[in-house]
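First comes the structure, then the notes that go with it.
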Amino acid sequence: MRLILLSGSKMGSKTRIAMNLTKEIIQTNYSDFDVELIDLAEKDIEFADGHHYVELTGDSAYVTKAIMEADAIIIGSPIFQASIPATLKNIFDLFPQNALRDKTVGMVITAGSPKHYLIAEYQLKPILSYMKAMVIPSYVFIEEADYHQGEIINQNIHYRLDGLIKDTLLFSQAMELKRQKEEEAYDF
């Protein structure tokens, strides 16, 4: 099973720290899975201007293809000005409408304040649902107080990340079984 971790911002370090920890937990506890961390801060992504996704080149083509070919995705997003970053929204705008059909998607949200807890509910989940993703209902919300000197010190966050990973992988496996049963029904 292929799992993509997407760190969805070009600014700041907290989301990348959270996604690094997520990758570390996966590699330690779920080594059977092929995991890749894509950090948008390290990619040169073109601005979505209406071109068809097959016309994308370079990092834009690589990132969109990797995500569309993944079995599951965990998206890390900071909250800036009570919104998801434009960098992450731009990735969604590069995809065709059904790019995430039946893909299991988990979310890790980082924010400076607990006031931003519902941004994922009101902005990110609707986008993912529109693109036909199967969104894990519970997400991990990490705020400023959970960090100290470049590390996540709140052990409850470590536990919750592990739970999100487990839910994402189990749900993705269930979706794969569903697809297999549907294909068997056609008897090709």
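The values are calculated or read from the model by the stated rules, or taken from the named source; none is laboratory data. Because the structure is predicted, anything quoted here is derived from the model rather than measured. Cβ coordinates were reconstructed from backbone atoms using ideal geometry, including for glycine residues, and neighbour counts include every protein chain displayed. Keep in mind that these areas ignore ligands, DNA and RNA; they rest on the heavy atoms of the full protein, side chains included. Shrake-Rupley method; radii C 1.70, N 1.55, O 1.52, S 1.80 Å.
Mind telling me which of THR64, THR15, THR28 comes out most flexible in a GNM of the chain, alpha-carbon contacts under 10 Å? The residue that fluctuates most here is THR28.
Residues whose amide H falls under 5 Å from that of ASP39, counting only those 5 or more places apart or on a different chain, are SER7, with hydrogens built in the peptide plane. Accessible surface area normalised per residue over the stretch 1-88 is 48 Å², counting heavy atoms of protein chains with a 1.4 Å rolling probe.
Using θ = phi - 60° in the Karplus curve 6.51 cos²θ - 1.76 cosθ + 1.60, the 3J(HN,Hα) couplings for the stretch 144-157 round to 3, 5, 7, 10, 7, 6, x, 9, 8, 9, 6, 5, 5, 5 Hz; x is entered for Gly and Pro. When peptides 74-81, 128-135, 7-14 are ranked by their average number of other Cβ atoms within 10 Å per residue, the highest-first order is 74-81, 7-14, 128-135. Of the residues GLN97, GLN27, GLN155, the one that moves most in a GNM of the chain with alpha-carbon contacts below 10 Å is GLN155. Measuring nothing but alpha carbons in the stretch 44-152 and taking Rh as the Kirkwood radius, the Rg to Rh ratio lands at 0.99.
Using the structure shown, list the pairs from LYS23/LYS125; LYS89/LYS132; LYS89/LYS178; LYS132/LYS181; LYS43/LYS181 with a Cα-Cα distance above 26 Å, or answer none.
Details: LYS23/LYS125 22 Å; LYS89/LYS132 16 Å; LYS89/LYS178 30 Å; LYS132/LYS181 20 Å; LYS43/LYS181 38 Å.
Check vs 26 Å cut-off fails for LYS89/LYS178; LYS43/LYS181.
Given q = 0.11, 0.13 Å⁻¹, what are the Debye log10 I(q)/I(0) values for the chain, with equal point scatterers placed on the Cα positions and solvent ignored? Once normalised to I(0) and log-transformed, intensities are -0.47, -0.65. Over the stretch 41-93, all Cα pairs binned in 5 Å intervals from 0 give whole-percent P(r) values of 4, 17, 28, 26, 16, 8, 1, listed from short to long. If I build a Gaussian network model for the chain, linking alpha-carbon pairs within less than 10 angstrom, which residue out of ASP167, ASP59, ASP39 has the largest mean-square fluctuation? Maximum among the listed residues: ASP59. Note that the stretch 63-76 has calculated 3J(HN,Hα) couplings of 5, 5, 5, 4, 5, 5, 8, 6, 7, 8, 9, 10, 9, x Hz, one per residue in order, obtained from phi through the Karplus relation 6.51 cos²θ - 1.76 cosθ + 1.60 (θ = phi - 60°); glycine and proline are x.
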